[in-house]
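Q: First the structure, which I've put down as structure tokens, then a few questions once you've had a look.
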Amino acid sequence: MQAITAQDPSAGVGGLKLAEVPHPHAAENDVIVRVHAAGFTPGELEWPGTWTDRAGRDRTPSVPGHELSGVVAELGYGTTGLSVGQRVFGLTDWLRDGSLAEYTAVEARNLAPLAADIDHTVAAALPISGLTAWQALFDHASLSAGQTVLIHGAAGGVGSIAVQLAHEAGAQVIGTGRPADRDFVLGLGAHSFVDTDSFESAGPADVILDVIGGEVLERSTKLVRPGGTVVTIAAPPEVQPADGRAVFFVVEPDRVRLADLARRVRDGRLKPIVSGVRPLAETADAFARRRRTPGKTIIQVAE
């Protein structure tokens, strides 16, 4: 089968190649998914799990990508809850070959059923961004109606979904980004928008969602109201708010929440932003992101 492979950690995007690789094996409780569409995170080529297995051993050439939508092609021993031919979407394991391939092996518990009226390219944009946004806002920060939330990178994959979820929850939503993102972010449901360079002008917030890290994260800790929370997915915070919390987390698979997010998409309450769809052969170019666009770029693997 064909897959995108990464063979050299020092080569970056230039080391991504379209190659013929062996068909994956379904371990116990796995399913083999015929991938129709796949999502990726531009920074994942810097993640240790892209290059090593759980024991720290080199596993190159590896297949990147951790979001997928497709059809179950095969069940591993002991797998329950899914059936061959069923449409599914979800996350692949961080330490195994991923979704940028015609077929991939995934733990069944990391997948959720996908309704026939949700396009695969839309579903592939949902797992990491949707779960990250939900877990940040509600599991880690306990955002509630009436609170103020400031969302950095509000036009991005995570930020655009976070804006929509926070708005529906009844929060006062402030989005940050580049000036060119203003109308787009306000259209998602943000009540106001500020430039990332001067987000302090928005005033204090009960919850701040950071996807950037560095100086932005450090400045954000000074803007939290007493008892509030900064949640970041960029890096463990080195500075804590004077009277609040700063929390770093890595998104976790959650079949029940994936199903809930899919229902929101079907109901028209949530819209994953797909900025472009590229074929598998153009994955390296998509990773390079020469031009920043809202939402996510999705790789279409099967017609």
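Q: Just one of G227, G203, G213 is open to solvent by 60 Å² or more (accessible area, probe 1.4 Å) and small (G, A, S); which is it? Working first, answer last.
A: Values: G203 fails: open to solvent by 60 Å² or more (accessible area, probe 1.4 Å); G213 fails: open to solvent by 60 Å² or more (accessible area, probe 1.4 Å).
Answer to the check: G227.
Q: Among the residues of segment 157-171, is any farther than 19 Å from R264 by Cα and in contact (Cβ under 8 Å) with a residue 24 or more places away in the chain?
A: Narrowing segment 157-171 to residues farther than 19 Å from R264 by Cα: none.
No, there is no match, as no residue in segment 157-171 is farther than 19 Å from R264 by Cα and in contact (Cβ under 8 Å) with a residue 24 or more places away in the chain.
Q: Within segment 190-200, work out how many residues are open to solvent by 40 Å² or more (accessible area, probe 1.4 Å) and either assigned to a strand (DSSP E or B) or closer than 17 Å to A166 by Cα (or both). First the steps, then the outcome.
A: Going residue by residue through segment 190-200, those that are open to solvent by 40 Å² or more (accessible area, probe 1.4 Å) are 191-192, 195, 197-198, 200.
Still in the list and also either assigned to a strand (DSSP E or B) or closer than 17 Å to A166 by Cα (or both): 191-192, 195.
Residues meeting the conditions: 3.
Q: Answer with yes or no whether P272 is buried (at least 20 other Cβ atoms within 10 Å of the Cβ) and under 22 Å from A133 (Cβ atoms).
A: On the way: buried (at least 20 other Cβ atoms within 10 Å of the Cβ): yes; under 22 Å from A133 (Cβ atoms): yes.
Criteria met by P272.
Matching residues to (1) acidic (D, E); (2) over 25 Å from G203 (Cβ atoms):
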| position | (1), (2) |
| --- | --- |
| I118 | no, yes |
| A123 | no, yes |
| I128 | no, yes |
| L131 | no, yes |
| Q135 | no, yes |
| D139 | yes, yes |
| S142 | no, no |
| T148 | no, no |
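Q: Just to be sure I understand the filter: pairs with C-beta atoms under 6 Å, separated by 6 or more residues or on different chains, first member in segment 112-140 and touching a residue at least 60 places away in the same chain (Cβ under 8 Å), second member open to solvent by 10 Å² or more (accessible area, probe 1.4 Å) and of a type in the set (G, A, S). Which pairs pass?
A: That search, which allows pairs on different chains as well, returns A112/A259; S129/G157.
Q: Kindly indicate the residue of segment 189-219 that is touching a helix residue (DSSP H, G or I) at 6+ places or on another chain (Cβ under 8 Å) and in contact (Cβ under 8 Å) with a residue 60 or more places away in the chain and also nearest to L143 (Cα to Cα) among those meeting that condition.
A: Out of the qualifying residues, it is V207.
Q: I would also like to ask the following. Can you confirm whether segment 65-77 contains a residue that is in contact with a strand residue (DSSP E or B) (Cβ under 7 Å, 6 or more places away or on another chain) and at pLDDT below 95?
A: no
The values are calculated or read from the model by the stated rules, or taken from the named source; none is laboratory data. The structure displayed is predicted, hence computed values, not measured ones. Here the Cβ is made from the backbone with ideal geometry for all residues, glycine too, and neighbour counts use every protein chain on show. We work out accessible area using only protein heavy atoms, side chains counted, and drop any ligands, DNA or RNA first. Shrake-Rupley method; radii C 1.70, N 1.55, O 1.52, S 1.80 Å.
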